[in-house]
Number of protein chains: 2
Amino acid sequence: MLDGILLGLLREPRSGYDVASEFRRGARHLWAADLSQIYRTLGRLEKEGHVTSRVEPSSRGPERRVYRRTASGKEALLAWLAEAPALPPERFAYLAQLFFMGEAGGGRTLAFLKDLRRRLAERLRTLEEIEPSIDTEDDHGFHTHLTLRLGILAHRARLQWCDESMRRVRPRAARRRR
Amino acid sequence: MLDGILLGLLREPRSGYDVASEFRRGARHLWAADLSQIYRTLGRLEKEGHVTSRVEPSSRGPERRVYRRTASGKEALLAWLAEAPALPPERFAYLAQLFFMGEAGGGRTLAFLKDLRRRLAERLRTLEEIEPSIDTEDDHGFHTHLTLRLGILAHRARLQWCDESMRRVRPRAARRRR
DNA sequence: GACCGCTATATGCATACTCATATACTGACG
DNA sequence: CGTCAGTATATGAGTATGCATATAGCGGTC
């Protein structure tokens with residue numbers, strides 16, 4: 001999976017470090033990846049012939065290993081884009097916690113939702129801050145904006161759900177106290 | 001992470017196979033897990049003393065290894081529930097594809113979104129079918145319903161996003177044809 | 001000149017996860 | 001009686017991921 005992302009980011013030749021920075025700036029909200037993971041994957045892509053690398057001097061640090069996408073790499077990228085939309089396995093750790101919160105007596109649910117709401121709101125804020133900086137005229141910018149937009153709408157829906165849930169929890173908690 | 005879920009499902013003694021079935025029925029929308037992964041994790045939880053197991057005859061199949069949660073297991077579960085809400089690393093494979101869809105010339109975006117919408121709508125339908133069957137009176141049912149509810153709201157938001165996105169894509173595609 | 005932060009690559013280790021495969025019992029259906 | 005679906009456990013192999021750590025150049029600041 002990371003393969004496609006790295007091949008996509010290598011639209012222009014870049015070092016692993018640059019790819020990782022690009023990643024953090026533009027794609028952080030859609031995929032998480034570690035520097036070590038990126039280096040390893042680039043290494044594998046090179047063995048597979050999807051990229052080539054060349055060591056080049058850097059103006060402000062140690063030597064850089066610059067990766068270039070090959071024709072085969074471009075092909076692999078297009079093949080990935082031609083695949084059906086990949087719905088990932090759902091993995092919501094906080095929902096799993098909430099699912100069993102009844103075992104904690106139910107008294108913790110409200111505090112948990114409050115905390116969750118705060119964290120989600122924070123994430124939403126960072127997404128909203130990025131949005132106006134995207135130029136939607138060119139194709140890449142347009143698609144970037146589409147993905148960012150889902151992040152924003154999804155987070156808003158989650159916040160609404162937090163509010164709805166907290167409204168439902170309060171009377172239950174009150175009943176328990178009686 | 002799976003530890004907490006398994007310990008939660010072991011509110012009553014169950015075999016690995018039962019846990020997996022329970023999983024598919026009630027928690028499929030919040031965490032994905034493989035049977036082999038569940039067996040292995042139960043094995044580890046036993047080594048750690050959080051569960052014990054005993055082989056018992058089955059009425060309709062081979063022998064079952066039934067797991068029981070220990071006091072230490074209950075403690076570990078409560079500790080997990082007391083942790084802050086765990087926001088998982090974002091991993092949206094289909095968003096990653098969309099992010100780079102400009103490389104495919106942009107002509108594929110609409111078909112991609114249509115396909116995605118269909119898949120998401122299908123998932124939403126299965127969630128909505130489960131909803132009315134949940135009894136929200138008891139604590140576990142209530143919390144189950146909360147998590148299901150987020151699944152439903154999140155999917156509705158995604159569908160809206162698909163529609164919004166398709167409306168934005170069409171004029172661009174028309175412009176490209178000129 | 002010492003130290004800090006950023007740039008830059010790479011590896012080791014442990015865990016998590018996926019997919020395939022082996023084994024074997026039971027009940028239903030044709 | 002054969003076969004299939006469902007019940008049931010377990011392991012091997014390969015991949016992905018996360019976290020820590022080692023190394024080292026460069027530029028600025030105190």
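The values are calculated or read from the model by the stated rules, or taken from the named source; none is laboratory data. Model, not experiment: these values are computed from the prediction. No Cβ is skipped: glycine too gets one built from the backbone with ideal geometry, and neighbour counts run over all protein chains shown.
General remarks:
- Residue under evaluation B:R91, criteria (1) under 20 Å from A:L81 (Cβ atoms); (2) in contact (Cβ under 8 Å) with a residue 12 or more places away in the chain; (3) surrounded by fewer than 21 Cβ atoms within 10 Å (Cβ to Cβ), criterion not met: (2)
- So A:S59, is it within 13 Å of DNA strand D (Cβ to nearest atom), free of Cβ contacts under 8 Å to residues at least 12 places away in the same chain and more than 14 Å from chain B (Cβ to nearest Cβ): yes
- Verdict on A:G107 being within 16 Å of DNA strand C (Cβ to nearest atom) and either more than 7 Å from chain B (Cβ to nearest Cβ) or among the aromatic types (F, W, Y) (or both): no
- Residues within region B:45-56 that are loosely packed, with under 14 Cβ neighbours inside 10 Å and either near DNA strand D (Cβ under 8 Å from one of its atoms) or not in a loop (DSSP other than H, G, I, E, B) (or both), tallied: 4
- For region A:71-86, the condition holds for at least one residue, the condition being that it is modelled with pLDDT of 95 or more and more than 12 Å from chain B (Cβ to nearest Cβ).
- Checking each residue of region B:6-16 against the condition of being buried (at least 16 other Cβ atoms within 10 Å of the Cβ), of a type in the set (S, T, Y), more than 9 Å from chain A (Cβ to nearest Cβ) and in a helix (DSSP H, G or I) gives no match.
- Looking only at region B:22-49, and only at residues there that are within 14 Å of another protein chain (Cβ to nearest Cβ) and acidic (D, E), the one that is farthest from DNA strand C (Cβ to nearest atom): B:E22
- Filter result for B:T70 (among the hydroxyl-bearing types (S, T, Y), away from DNA strand D (no atom under 16 Å from the Cβ) and crowded, with 16+ Cβ neighbours inside 10 Å): yes
- Screening A:V19, A:V66 for residues that are of a type outside the set (S, T, Y), in a strand (DSSP E or B) and either within 12 Å of DNA strand C (Cβ to nearest atom) or under 23 Å from the mean Cα position of the chain (by Cα) (or both) leaves exactly one candidate, A:V66.
- Only one of the numbered conditions (1) at the interface with another protein chain (Cβ under 7 Å from one of its Cβ atoms); (2) surrounded by 17 or more Cβ atoms within 10 Å (Cβ to Cβ); (3) over 17 Å from A:H145 (Cβ atoms) is violated by B:D115, and that is (2).
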